[in-house]
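Asker: Take a look at this one; I'll ask things after.
The values are calculated or read from the model by the stated rules, or taken from the named source; none is laboratory data. Since we're looking at a predicted model, the values are computed, not measured. Cβ atoms come from the backbone with ideal geometry, glycine included; neighbour counts cover every protein chain shown. The protein model used for the area step is the full one, side chains on, heavy atoms only, and it has no ligands, DNA or RNA in it. Shrake-Rupley method; radii C 1.70, N 1.55, O 1.52, S 1.80 Å.
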Amino acid sequence: MNFILPNRSQWRTLSFPFPIIIISIYYLMFYNLGMDLTLSLNLFGLVFTLGILSWWLSVVISNCMNWLLPDSEQLPLRALCIFLSQLSIEIVIVSILFQALDRVSQPGRLELDQAHFVAALVLALLSNIIFNSIWQVRYIFEHWKNALTTKELLDQEQLLREYRGLREQLHPYFLFDSLYAVGRLIANDLERSITYLDVLSKVYRAFLNENKKELCSLSQEFEHVMLYVKLLETANGMPIRLDISPIGEHSAHYLPPFSIQRIIEDVKDYHYPDPNLPEIRIWTEEAYVYVEHGLHAHWNYTPSANLRSIVGRYNYLKIGQFSVKKNGESLRYSLPLQVK
């Protein structure tokens, strides 16, 4: 940080209100002394020069105090230090002003007494209080904005780490479940195991192609769902009751990939070992896609890794709030859609 160079807000105070303050100080000190034009101009030049010096020293002091005491909680101490420093400087500058006037003026032309000295000192202090108040308000605002930006960046990085972690940790679980299902099918039904491996390869190809993307279209998501449902049907040997309403104009809307598939995987896990999964309804309404299914008698909801993954993706992408609510004897998932 360069302490001696004014920043943008400090330069602005030099154009306003600095000229008004200098004119006010000059007028209040010398308006009733009956001076001629030449002496008036010389005095004004002297007051203006010393005013510039006082303003620049205020800049240096303010910048130093902001560096030494940067926190918002340190504002009272920072303000006290600035005031005491300015008081010392203004006493010196006003003393220089009066000494200079005493040397250059002719006897009887200027009669500056203690009252003028006190008035000049008070006016100089008030002007610096005005300057520093403007600068401190600006400094506090910038400090707050930078702190907020830093917090947002840290929060975003944290969300990104959680998002990546939740996304990556699902692959091993899915792979282990799939290998277990393959082993069970090979032992009992070789033909179904071949069909299962064929569908599984397509599911994994979709994983590799889509899972690194942040969003996919709703029509692509339904393709993933149908592949996964076929995988489950092949593994269990019975159809899954799936009711998907036409999506119409929502087909080009977007959501995090494999969100609906992970919900269906949760339905399978919650109802295991009962192979008769409840009917799963999927429909779109306004800018949402809804998934709803019935509940078994001993249902007890706890957020799974699948649902935490969906929540993490929605929080990271900031496209709406994913929610899960019990609706009578059913559980309803609400997934916001991104319109592109």
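Asker: For residues in the range 303-336 being among the small types (Gly, Ala, Ser) and under 22 Å from the mean Cα position of the chain (by Cα), which is most open to solvent (accessible area, probe 1.4 Å)?
Answerer: GLY320
Asker: Just give me the residues in the range 279-336 being of a type in the set (S, T, N, Q), modelled with pLDDT under 80 and in a loop (DSSP other than H, G, I, E, B), in sequence order.
Answerer: Once the filter is applied, which keeps residues that are of a type in the set (S, T, N, Q), modelled with pLDDT under 80 and in a loop (DSSP other than H, G, I, E, B), the range 279-336 yields ASN300, THR302, SER304.
Asker: Within the set of pairs 6+ apart or on separate chains, which have a first residue in the range 249-271 that is touching a residue at least 12 places away in the same chain (Cβ under 8 Å), a second that is surrounded by 20 or more Cβ atoms within 10 Å (Cβ to Cβ) and charged (D, E, K, R), and C-beta atoms under 8 Å apart?
Answerer: Short answer, once both residue conditions are applied: LEU255/GLU221; PRO256/ARG313; PRO257/GLU221; PHE258/GLU221; SER259/GLU221; SER259/ARG313; ILE260/GLU221; GLN261/GLU221.
Asker: Look through SER24, SER54, SER40 and report the one residue that is touching an Asp or Glu at 6+ places or on another chain (Cβ under 7 Å) and either of a type outside the set (D, E, K, R) or under 21 Å from TRP144 (Cβ atoms) (or both).
Answerer: Exactly one residue qualifies, and that residue is SER54.
Asker: Oh, and also: Conditions: (1) at pLDDT 85 or above; (2) within 30 Å of GLN114 (Cβ to Cβ); (3) open to solvent by 50 Å² or more (accessible area, probe 1.4 Å); (4) of a type outside the set (A, V, I, L, M). TYR27 meets all but one. Number of the miss?
Answerer: Checking TYR27 against (1) at pLDDT 85 or above; (2) within 30 Å of GLN114 (Cβ to Cβ); (3) open to solvent by 50 Å² or more (accessible area, probe 1.4 Å); (4) of a type outside the set (A, V, I, L, M), the one that fails is (1).
Okay, residues lined up against (1) open to solvent by 40 Å² or more (accessible area, probe 1.4 Å); (2) touching a helix residue (DSSP H, G or I) at 6+ places or on another chain (Cβ under 7 Å):
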site	(1), (2)
PHE3	yes, yes
ARG8	yes, no
THR13	no, yes
ILE20	yes, no
PHE44	yes, yes
GLY51	no, yes
GLN74	yes, no
ILE91	yes, yes
